[in-house]
Amino acid sequence: MNTFPTETFETTSYGLGHPQPYPFGIPEELPHSAFSLALEASHIVCSGACRVLGFSVSNTKASGQFIQVFDATALPANGAIPLISIDIATVVAKVVTWNPYGRWFDRGCVISNSTTQGSLTVGSADCLFDVQYVPQVI
C-alpha cells in the first residue's frame with residue numbers, strides 16, 4: 001500500500017506587529033494596483049499600513065534618474081532620505097519585486113523619481129508607475 005506524506009503549509013511574518021493577514025494566501029481580489037493615469041514625477045501608492053509586492057516604472061526622460069520609495073502618506077520634501085533608491089536608465093522600464101511576501105510599509109508607500117540618489121530631489125513628470133500592494137487588514 002502506498003502512503004503519501006501529508007501536505008502542510010507554513011506562513012512566516014517578518015517584523016514586529018505584522019502577522020500574516022491572509023493565512024490561506026492572498027484573496028482573489030487582491031493585490032490592488034496603484035498606477036499612473038499620465039506621466040508623473042511621484043505617486044502615492046497607499047495611505048496606511050500596506051505590503052508592497054512589487055512595482056514597475058517606465059522612464060521617458062532623455063537621461064537616467066533614480067526611483068525612490070518612501071514609508072510615508074504623502075510625498076516628502078526635497079532632501080528626504082529614501083528607504084530604497086534604484087537607478088533607471090534613459091527611456092527604459094524597470095521592474096522590482098519583493099518575493100514571496102512583499103515589503104511592509106507602516107505609514108504608507110510613496111514612489112518618486114529623483115535626480116539624485118542619496119536624497120529626494122523630485123524630477124519632472126516623466127514616469128509611469130504601476131505598483132501592486134495589499135492593504136493591512138488587521
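Candidates in segment 28-55 are the residues that are among the small types (Gly, Ala, Ser) and under 17 Å from TYR101 (Cα atoms); of these, the one that is surrounded by the fewest Cβ atoms within 10 Å (Cβ to Cβ) is SER33.
Determine whether segment 76-95 contains at least one residue that is modelled with pLDDT of 95 or more, within 16 Å of SER33 (Cβ to Cβ) and of a type in the set (Val, Ile, Thr). Within segment 76-95, none of the residues are modelled with pLDDT of 95 or more, within 16 Å of SER33 (Cβ to Cβ) and of a type in the set (Val, Ile, Thr). Of the residues screened, ALA125 is one that is among the aliphatic types (A, V, I, L, M), at pLDDT 95 or above, over 17 Å from the mean Cα position of the chain (by Cα) and more than 19 Å from THR73 (Cβ to Cβ).
The values are calculated or read from the model by the stated rules, or taken from the named source; none is laboratory data. As the structure is a prediction and not an experimental result, all values here were calculated from the model. All Cβ positions, even for glycine, are placed from backbone atoms using ideal geometry, and neighbour counts span all protein chains on display.
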